[in-house]
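Asks: The structure follows.
The values are calculated or read from the model by the stated rules, or taken from the named source; none is laboratory data. Treat the numbers as computed from the prediction; the structure is a model and nothing was measured. Glycine also receives a Cβ, built like all others from the backbone with ideal geometry; neighbour counts cover every protein chain displayed.
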Amino acid sequence: MHGDEWRDTSELLLNLSTTPPENGTLAVIPIVDNGEYVSTLDKRYYTTLGSRIIDAVDSLHPNTYVELHSYSAANLAKLTDDNRINKTGVPAYIELKDGVLLGSVAPYIRLKHFQMDALCISFEIQKNSERSIHFAAKLLDVVKNCVSRDDFIEYLEDKFPLQAKKAIENYKSFYGL
């Protein structure tokens, strides 16, 4: 998505767009910026490098928004740390399978640009991991064909009940619901 993450994510996103979703429209931004890395947790990201994302969201008004990022194996513990909320201000990612992590998008974009019933999620895939990339591709196909947030939650609860429970708890706690 940004920095050098495009090396691991762009092909996944481009392949995703080769088959249209069963319902709705799919918009893909495979590379936001392939240079400087600015965290999406930094408010400046969406007013500088990520302004293309805001422009797309504001013009398309999607009910589903997915960010795809990649991480090095050395950073797994930081991303999934139960104390991440106190360290970075956002809940920990939850590992689904094969190094694919699930979390929410940055509060800035979530709260300012989406309705509360929209599905706004972030996936992190492990860099240089074919297993992670393969599973992420399957997961993105599932999300692409979900027509609502509840569709994705049903999928999660069916396939990953423990992770779904934790993700829902994190979301409700973080957003005060």
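Asks: Taking region 124-150, which residues are within 16 Å of residue 26 (Cβ to Cβ) and not in a helix (DSSP H, G or I)?
Replies: Within region 124-150, 145, 146, 147, 148 qualify.
Residue-wise test of (1) under 22 Å from residue 142 (Cβ atoms); (2) charged (D, E, K, R); (3) touching a residue at least 12 places away in the same chain (Cβ under 8 Å).
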residue	(1), (2), (3)
76	no, no, yes
81	no, yes, no
86	no, no, no
90	no, no, yes
105	yes, no, yes
114	yes, no, yes
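Asks: For region 44-59, does any single residue satisfy the condition of being over 17 Å from the mean Cα position of the chain (by Cα), at pLDDT below 90 and basic (Lys, Arg)?
Replies: yes
Asks: Say whether the condition of being touching a Gly at 6+ places or on another chain (Cβ under 7 Å) and under 28 Å from residue 48 (Cβ atoms) is met by at least one residue in region 126-140.
Replies: yes
Asks: I've got another one for you. State all residues of region 111-124 that are touching a helix residue (DSSP H, G or I) at 6+ places or on another chain (Cβ under 8 Å) and under 21 Å from residue 5 (Cα atoms); if no residue qualifies, say none.
Replies: 120, 121, 123, 124
Asks: Then there is this: Please pick out the residue among 138, 87, 127, 172 that is exposed (fewer than 15 other Cβ atoms within 10 Å of the Cβ), touching a helix residue (DSSP H, G or I) at 6+ places or on another chain (Cβ under 9 Å) and at negative phi.
Replies: Of 138, 87, 127, 172, the one residue that is exposed (fewer than 15 other Cβ atoms within 10 Å of the Cβ), touching a helix residue (DSSP H, G or I) at 6+ places or on another chain (Cβ under 9 Å) and at negative phi is 87.
Residues checked against (1) aliphatic (A, V, I, L, M); (2) outside any helix (DSSP H, G or I); (3) farther than 19 Å from residue 120 by Cβ:
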{"site": "62", "(1), (2), (3)": "no, yes, no"}
{"site": "68", "(1), (2), (3)": "yes, yes, no"}
{"site": "75", "(1), (2), (3)": "no, no, yes"}
{"site": "78", "(1), (2), (3)": "no, no, yes"}
{"site": "96", "(1), (2), (3)": "yes, yes, no"}
{"site": "101", "(1), (2), (3)": "yes, yes, no"}
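Asks: Is there a residue being surrounded by 15 or more Cβ atoms within 10 Å (Cβ to Cβ) and part of a helix (DSSP H, G or I) anywhere in region 19-35?
Replies: No, because not a single residue in region 19-35 is surrounded by 15 or more Cβ atoms within 10 Å (Cβ to Cβ) and part of a helix (DSSP H, G or I).
Asks: I want to confirm something. Restricting to region 130-150 and keeping residues that are under 26 Å from residue 61 (Cβ atoms) and out of contact with any strand residue (DSSP E or B) (no Cβ under 8 Å at 6 or more places or on another chain), which single residue is modelled with the lowest pLDDT? Let's see the steps before the verdict.
Replies: Of region 130-150, the ones under 26 Å from residue 61 (Cβ atoms) are 136, 139-150.
Filter once more, so that each one left must be out of contact with any strand residue (DSSP E or B) (no Cβ under 8 Å at 6 or more places or on another chain): 141-142, 144-145, 147, 150.
Numbers: 141: 92, 142: 94, 144: 92, 145: 92, 147: 89, 150: 94.
Result: 147.
Asks: Identify, please: which residue in region 1-27 is closer than 22 Å to residue 129 by Cα and hydrophobic (A, V, I, L, M, F, W, C) and is, among those, modelled with the highest pLDDT? Please lay out each step first, then the result.
Replies: From region 1-27, those closer than 22 Å to residue 129 by Cα are 1-17; that's our starting set.
Subset that is hydrophobic (A, V, I, L, M, F, W, C): 1, 6, 12-14, 16.
Numbers: 1: 51, 6: 66, 12: 85, 13: 79, 14: 79, 16: 80.
Only one residue fits best here, namely 12.
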